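Everything below concerns the one structure shown next.
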Amino acid sequence: MIRKQVENIIRTSHLQQKGSFYITNISCRTFSFKGLLMPNQLESFFVDLNDESMQSALCLVHSRYSTNTFPTWDLAQPFRFLAHNGEINTLRGNINGIRARERLLASELFGTDIENLKPVIVEGEVIQRQ
């Protein structure tokens, strides 16, 4: 809820670089790093990964390769949960599917506050770049 509300505030703001805003996660137990870079650049870009006191039971790196889109910040990893193997070509269908079902979004936990999550998909942010 907090992530979506902050994203909506930034998206509708007049900030010059709002297109680069992305919350990788808000977990107190998980670090997420995001970068539009090559895998061999990780350790020099994220210098804290070289700190010997940093320990992890798991590390996942996803290197995006696509023949049908140009790399952009919003398409750079990480995915917020783990990953998916979808193609950007399915984006229009996914947006239409979510938009058609958005009015059905309901939760006893959120009550009427669930309206703060909308729009679930922000039209035009990725589509216009294709």
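Odds and ends about this structure:
- Backbone geometry of the stretch 6-20 corresponds, through the Karplus equation with coefficients 6.51, -1.76 and 1.60 at θ = phi - 60°, to 3J(HN,Hα) couplings of 5, 4, 5, 5, 5, 4, 8, 7, 9, 4, 5, 9, 5, x, 9 Hz, x marking Gly and Pro.
- Contour minus Cα-Cα distance for Ile98 and Ser13 (0.36 nm per residue): 28.2 nm
- In Hz, Karplus ³J(HN,Hα) per residue of the stretch 101-113 (6.51, -1.76, 1.60; θ = phi - 60°; x = Gly, Pro): 9, 4, 5, 8, 4, 8, 7, 5, 5, 8, x, 6, 5
Any read-out appearing in this document is the output of simple, stated calculations on the displayed coordinates, not a laboratory observation. It should be emphasised that the depicted structure is a prediction, and the values quoted were computed from it without experimental measurement.
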